[in-house]
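Derivation of every value follows stated rules applied to the coordinates shown; laboratory data play no part. Remember, it's a predicted structure, so these values are computed and weren't measured experimentally. When we count neighbours, we look across all protein chains shown, and the Cβ atoms used for this are built from the backbone with ideal geometry, even at glycine.
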Amino acid sequence: MKPARVEAQGGRNEEAKGATVVWMFFAVVLMVGAHAAVARADEPVVAHVPFAFIVGESRLPAGDYIVKELDGDPGVISIASTDRHQSRFTLTMG
């Protein structure tokens with residue numbers, strides 16, 4: 001009996017790719033967060049993200065991003081491209 005073959009087109013494979021991108025972004029956020037834990041809270045962190053990723057419901061392209069806490073609210077972070085064409089806010093997990 002041959003194992004089932006996953007086709008490269010449509011459906012579940014696309015969902016798996018999307019889930020992979022989300023998990024890769026979270027891995028980058030964790031690495032940035034580890035660096036940010038060493039840095040002072042008021043210092044922004046610049047991260048090079050080599051793939052498109054999702055923040056909330058928005059897809060951001062690969063590139064260099066500045067990640068920092070929102071002034072006065074450590075529960076919110078700002079993620080902005082260094083060229084300032086892309087910018088999103090999101091809540092932290094902790």
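Structure notes:
- Along segment 70-86 the Karplus relation, 6.51 cos²θ - 1.76 cosθ + 1.60 evaluated at θ = phi - 60°, assigns HN-Hα couplings of 6, 4, x, 9, x, x, 10, 10, 9, 10, 10, 5, 5, 8, 6, 7, 10 Hz to successive residues, with x for each Gly and Pro.
- The string of couplings for segment 56-62 from the Karplus curve (6.51, -1.76, 1.60, θ = phi - 60°) is x, 10, 10, 9, 10, x, 4 Hz, one whole number per residue in order, with x for Gly and Pro.
- Leu60 long-range amide H proximity, modeled H, under 5 Å: Phe53, Ile54, Val55
- Protection-proxy order for peptides 55-62, 73-80, each taking the mean of Cβ atoms within 10 Å per residue, highest first: 73-80, 55-62
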